[in-house]
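**Student:** Next up is a structure, given as structure tokens.
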Amino acid sequence: MDLEGVHGGSVPSTDTVRDLARRAGAVAAVNGTFFDSDAKRYKGDPLGLYVSRGTLLSEATGGRTALILPGAGERPRITELRSATRVASSDGARAVVDGIDRVPGRIVGCGGVGGDRLTETGAPVSAPLPGRICEDPDEIVEFTEEWGTATPYAGRGGVEVILDARSTVTGVRSPAGGAVPDGGRTLVGTGSGADWLRAHARPGRTLTVSSVLTDAHGVRVRGDRASVFGAGPALVRSGRAWINAAANGVSEGAVRTRAPRTVAGVRADGTLLLVVFDGRRPGVSEGVTLPEAAGVLLSLGAVDAMNLDGGGSSTMVVRDRVRNSPSDPGRTDDRRQRTVSNAIVVVPRKVR
């Protein structure tokens, strides 16, 4: 069996875990990353790091904990990850790319690459803050083919550069908003990011976009077919309970609250554990705190473990059946499924 990250027809769309599993031909699946569930549009936009089959589709927020599924024959890992994306013009100029496949200027969960300010107060922010929204008026955001829908409007001064499969600039539109070309990508700029694109992204020039993932030790994480799910906090590290809540912007209250949870663990032999706890259903299950979840994973033999998205998102599907009792309203477990951004799926190994 192989382990992969999958999402719906577009990065910002949502779907049930069962439908995601069906399309992937999976024998089992659980929900994956947190996502922008309160957004009026693009509500499936992942909160923080998301990589599917080797393609970076959402940048990391700070150095939050992540699950790495490296591909066939390699062991899963849990560690803290950062991402860095840059663009280089054929005229020699370089710039930082602030985001991947998200609304320019809107940083869900904060912790971006620089210039983030809390939307409600304007206070500068550099660390992740789950559940909060930050803004940055000066950005460059990359849109991949996987975005799957028209790119968002980025204000009157925004500009969008269209790149073909060879990274050649084929057009510039202002304001931003339109299709991403097949096999290509676009770059949307706001504020000083728009100024950079106007100066260095003229038709016929080449813009090379490159991304790097690094762990807490600064070591580059590679994997052409890897899938990565950023979430957190960590629950177990090196065989002991270890909850790095502050580093992931998680409050002590959230740590100690009983709730539905989806968690992942890795045993010493590389076996991946995917565990879902029901909750918020009196008489069925009250849920678990994060320390309680860590204890269960330790009892199952995990040497490393982490928290994924939970609450109403927590869903496990095995052989096309919902096997837990999701907490959202509904008469049956199937109808209580929440639509989510993405899922971890277990699929039959492909013969290459």
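**Student:** Would you mind finding the one in Ala294, Ala247 that is in a helix (DSSP H, G or I), closer than 22 Å to Val108 by Cα and aliphatic (A, V, I, L, M)? Working first, answer last.
**Tutor:** Numbers: Ala294 fails: closer than 22 Å to Val108 by Cα.
Going through Ala294, Ala247 in turn, the sole match is Ala247.
**Student:** Return a yes/no flag: does segment 325-338 have any residue that is within 20 Å of the chain's Cα centre (by Cα), crowded, with 17+ Cβ neighbours inside 10 Å and among the basic types (Lys, Arg).
**Tutor:** Yes, that holds for at least one residue.
**Student:** So is Val97 touching a residue at least 40 places away in the same chain (Cβ under 8 Å) and open to solvent by 10 Å² or more (accessible area, probe 1.4 Å) or not?
**Tutor:** Values: touching a residue at least 40 places away in the same chain (Cβ under 8 Å): yes; open to solvent by 10 Å² or more (accessible area, probe 1.4 Å): no.
Here the answer is no, as Val97 does not meet what is asked.
**Student:** Just to verify a result, which residue in segment 36-75, among those that are in contact with a Pro (Cβ under 8 Å, 6 or more places away or on another chain), within 22 Å of Ala234 (Cα to Cα) and hydroxyl-bearing (Ser, Thr, Tyr), is modelled with the lowest pLDDT?
**Tutor:** Filtering segment 36-75 for residues that are in contact with a Pro (Cβ under 8 Å, 6 or more places away or on another chain), within 22 Å of Ala234 (Cα to Cα) and hydroxyl-bearing (Ser, Thr, Tyr), the one modelled with the lowest pLDDT comes out as Thr61.
**Student:** Then there's this: Go through segment 25-51 and give me each residue that's open to solvent by 10 Å² or more (accessible area, probe 1.4 Å) and of a type in the set (S, T, N, Q).
**Tutor:** Correct list: Ser37 only.
**Student:** I'm checking my understanding of the structure. Among residues of segment 132-184 that are part of a strand (DSSP E or B) and of a type in the set (Asp, Glu), which one is farthest from Gly109 (Cα to Cα)?
**Tutor:** Taking the candidates together, the pick is Glu160.
**Student:** If you go through segment 297-326, how many residues are in a loop (DSSP other than H, G, I, E, B) and hydroxyl-bearing (Ser, Thr, Tyr)?
**Tutor:** Result for segment 297-326: 3.
**Student:** In segment 52-79, how many residues are surrounded by fewer than 24 Cβ atoms within 10 Å (Cβ to Cβ) and among the hydroxyl-bearing types (Ser, Thr, Tyr)?
**Tutor:** The number of residues fulfilling the criteria is 3.
**Student:** Then there is this: Within the group Val263, Val346, which residue is touching a Phe, Trp or Tyr at 6+ places or on another chain (Cβ under 8 Å) and either surrounded by 13 or more Cβ atoms within 10 Å (Cβ to Cβ) or not in a loop (DSSP other than H, G, I, E, B) (or both)?
**Tutor:** The unique qualifying residue is Val263.
**Student:** Still on this structure: Which of the numbered conditions does Ala88 fail, given that it passes all the others? Conditions: (1) surrounded by fewer than 23 Cβ atoms within 10 Å (Cβ to Cβ); (2) of a type outside the set (Val, Ile, Thr); (3) out of contact with any Leu (no Cβ under 8 Å at 6 or more places or on another chain).
**Tutor:** All conditions pass for Ala88, except number (3).
**Student:** Here is a further query. Tell me yes or no: at least one residue of segment 172-182 is over 17 Å from Ser58 (Cα atoms) and hydroxyl-bearing (Ser, Thr, Tyr).
**Tutor:** yes
**Student:** Does segment 199-216 include one or more residues that are open to solvent by 10 Å² or more (accessible area, probe 1.4 Å), without any contact (Cβ under 8 Å) to a residue 12 or more places away in the chain and under 30 Å from Val345 (Cβ atoms)? Explain how you work it out, then say what you get.
**Tutor:** Let us first name the residues in segment 199-216 that are open to solvent by 10 Å² or more (accessible area, probe 1.4 Å), namely 199-200, 202-206, 208-216.
Next cut, without any contact (Cβ under 8 Å) to a residue 12 or more places away in the chain only: none.
The answer is no; no qualifying residue exists.
**Student:** On to the next question. Looking at Asn248 and the list (1) buried (at least 16 other Cβ atoms within 10 Å of the Cβ); (2) more than 30 Å from Asp334 (Cα to Cα); (3) free of Cβ contacts under 8 Å to residues at least 60 places away in the same chain; (4) not basic (Lys, Arg), which single condition is not satisfied?
**Tutor:** If we test Asn248 against (1) buried (at least 16 other Cβ atoms within 10 Å of the Cβ); (2) more than 30 Å from Asp334 (Cα to Cα); (3) free of Cβ contacts under 8 Å to residues at least 60 places away in the same chain; (4) not basic (Lys, Arg), just (3) comes out false.
**Student:** Considering each of Gly283, Gly301 in turn, give the residue that is in contact with a Lys or Arg (Cβ under 6 Å, 6 or more places away or on another chain) and open to solvent by 30 Å² or more (accessible area, probe 1.4 Å).
**Tutor:** Working: Gly283 fails: in contact with a Lys or Arg (Cβ under 6 Å, 6 or more places away or on another chain).
Only one candidate qualifies: Gly301.
**Student:** To continue, here is another question. Checking Thr168 against (1) open to solvent by 50 Å² or more (accessible area, probe 1.4 Å); (2) without any contact (Cβ under 8 Å) to a residue 60 or more places away in the chain; (3) over 22 Å from the mean Cα position of the chain (by Cα), which test does it fail?
**Tutor:** (1)
The values are calculated or read from the model by the stated rules, or taken from the named source; none is laboratory data. None of these values were measured; they are calculated from a predicted model. Methodologically, a virtual Cβ is constructed for each residue, glycine included, from the backbone with ideal geometry; neighbour enumeration extends over all protein chains shown. The area values use the complete protein model at the heavy-atom level, side chains included, leaving out ligands, DNA and RNA. Shrake-Rupley method; radii C 1.70, N 1.55, O 1.52, S 1.80 Å.
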